[in-house]
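Please treat every number below as a calculation from the coordinates, not as lab data. No experiment lies behind these values; they were computed from the predicted model shown.
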């Protein structure tokens, strides 16, 4: 026999959705709450009170992307997009030992290579385990599990060799 107090939750585990409703109109969404906030800012807030204001005219926007589009179209001002081409990690192994063969092989790779660049490791084949690839998320997974500690340093986007710059070491707490 099923406990009657938990039957509802078991039956609706996959179909249960949170509905966010607008207090000003009949708009509702099962998407994230930010969708409702964007709706309220776009439809029910005066332009002068919206979060993103144009410095060149009196227009206001609910989303930053809409302000960027406006600046590009109306004022011919392009917003620079800053992209990190790659990141180098300074990796130190901890005393905690993994149980998985793949994680052990990655740990050995970290011991041999104390500075790892994300460009270098994307879809790189393990030298210790043929047929196994190293990916960026493996580094974060291993740090989260406590097998390694990470220090991150940004790279010069303009350099061709893309090597790590020397900056004070910051340990990312997991």
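Given that compact globular proteins tend to follow 2.2 N^0.38 Å, what is the ratio of the alpha-carbon Rg of segment 22-95 to that value? Walk me through the intermediate numbers first.
Working: Rg = 18.9 Å, N = 74, 2.2 N^0.38 = 11.3 Å.
Taking N as the residue count of segment 22-95, the ratio is 1.67.
Based on the alpha-carbon gyration tensor of segment 59-117 and its eigenvalue square roots a ≥ b ≥ c, which shape applies: rounded if a/c is under 1.5, prolate if not and a/b is larger than b/c, or oblate? Please list the in-between numbers first.
Values: a/c = 5.54, a/b = 3.50, b/c = 1.59.
Prolate, since a/c reaches 1.5 and a/b exceeds b/c.
Relative contact order, percent, of segment 18-74 when contacts are C-alpha pairs under 8 Å separated by at least 6 residues?
Once normalised by length, the contact order is 20 percent.
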